[in-house]
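The values are calculated or read from the model by the stated rules, or taken from the named source; none is laboratory data. Since this is a predicted model, take the numbers as computed values, not measurements. Heads up, the Cβs are rebuilt from the backbone with ideal geometry, glycines too, and the neighbour counts pull from every protein chain shown. Note: areas computed on protein heavy atoms with side chains; ligands, DNA, RNA excluded. Shrake-Rupley method; radii C 1.70, N 1.55, O 1.52, S 1.80 Å.
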Amino acid sequence: HYFWEFFMLFLAVTLGFFVENWREHYIERKKEKEYIHSMLSDLSGDTANFHRKISKVNDAVRQLDTLIRLLNKSSGDSTQQQRLYYLARISSRIIEFFYINNTTYEQMKSSGNLRILKNYEIARGIANYYNNVHYMNIQNDILVNRQTVLIEAIKKVFNQAVFQEMLDIHSTATSYPRGNPLLITEDKYLKNELVGSIHYFSTVGSVNANNALAVGEQADRLISFLKNEYHLK
C-alpha cells in the first residue's frame, strides 16, 4: 500500500515536471515564431526601402554630375542659370540616408529572447545581418559631414538671396528662380572647391547605395533562410 502511494506520488510529480517542461517549450516555440514573423516583416521593409532609396540616390548622382558640368561652363542663358541655381539649392539634400529596421532584433536582445532561437545557424545569420546597423550609421555620419562641407562651399559661390526667393516657406518646396541669376563670383579656386565638395558628397552617396544593395541582398537571403527553417510561405 505504501509502495503504491509512493509510486503514484512519484508518477504525479514526474508527469507534472514533464508537462511543465512541455508547456514552457511550447510557449517558447510559439513566441519564437511570433518574433520570426515580426522580423520577416522588418526584413521585407528593409529590402523595399533599400531598392526605393537606391533608385533615388542614382538619380541624385546624375543630377550632381549635371551640376558639376554646369559649373564648369561659362555663364549661359537664363535657362542654364536657372537650372544651375535649382540644382545647387537642392544638391545638399538629394542623397538618401540608409537605415536598418532592427526593432524586433532589439526587442529580442533586451528581453533575453535571442536564446529561444532554435539553432546556432539561425542566431548567427540574424546577428550577421544586424551587425550592418553600426556600419550604416558610420556611413551616414560621413555623409552628414560631406553635406556640411558642401553647403559651406555653395555659400561662397551662389547668391543666397536668390535661394531665399526660390523657397516656399510654408511647404519648403524649391522652385526654379526667376530671370537670369548670376553667381556672386567666378573665382576659379572657389568654384573648384565647390566642385570638389560635390564630387566627394556624391561619392559617399554612391558608396552608401552600393553598400545598401549588398545589405539588401543579404536581407533577401536571410528571408529565404528563415522561411525555410520555420516552414513559412
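Is there a residue in the stretch 26-45 that is among the basic types (Lys, Arg), surrounded by 10 or more Cβ atoms within 10 Å (Cβ to Cβ), modelled with pLDDT of 95 or more and part of a helix (DSSP H, G or I)?
Checked against the condition, which is being among the basic types (Lys, Arg), surrounded by 10 or more Cβ atoms within 10 Å (Cβ to Cβ), modelled with pLDDT of 95 or more and part of a helix (DSSP H, G or I), the stretch 26-45 yields no hits at all.
Residue by residue through the stretch 113-172, note down the ones that are of a type in the set (Phe, Trp, Tyr) and assigned to a helix (DSSP H, G or I).
Across the stretch 113-172, the qualifying residues are Tyr120, Tyr129, Tyr130, Tyr135, Phe163.
Yes/no per residue for (1) hydroxyl-bearing (Ser, Thr, Tyr); (2) modelled with pLDDT of 95 or more; (3) open to solvent by 60 Å² or more (accessible area, probe 1.4 Å):
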site	(1), (2), (3)
Leu143	no, yes, no
Val149	no, yes, yes
Gln160	no, yes, yes
Phe163	no, yes, no
Asp168	no, no, yes
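Which residues, counting only those in the stretch 42-56, are in contact (Cβ under 8 Å) with a residue 12 or more places away in the chain and of a type in the set (Ser, Thr, Tyr)?
Correct list: Ser44, Thr47.
Run Ile95 past the list (1) part of a helix (DSSP H, G or I); (2) open to solvent by less than 30 Å² (accessible area, probe 1.4 Å) and report the number of the one that doesn't hold.
Against the list (1) part of a helix (DSSP H, G or I); (2) open to solvent by less than 30 Å² (accessible area, probe 1.4 Å), Ile95 comes up short only on (1).
Do you know which residues across the stretch 220-232 are modelled with pLDDT under 95 and loosely packed, with under 13 Cβ neighbours inside 10 Å?
Listed by number, the residues that qualify are Asn228, His231, Leu232.
Give me the residue from the stretch 183-219 that is open to solvent by less than 60 Å² (accessible area, probe 1.4 Å) and not in a helix (DSSP H, G or I) and, out of that set, farthest from Phe97 (Cα to Cα).
Checking each candidate, the answer is Thr185.
Yes or no: Gln82 surrounded by 13 or more Cβ atoms within 10 Å (Cβ to Cβ), part of a helix (DSSP H, G or I), free of Cβ contacts under 8 Å to residues at least 40 places away in the same chain and not charged (D, E, K, R)?
Spelling it out, it is not the case that Gln82 is surrounded by 13 or more Cβ atoms within 10 Å (Cβ to Cβ), part of a helix (DSSP H, G or I), free of Cβ contacts under 8 Å to residues at least 40 places away in the same chain and not charged (D, E, K, R).
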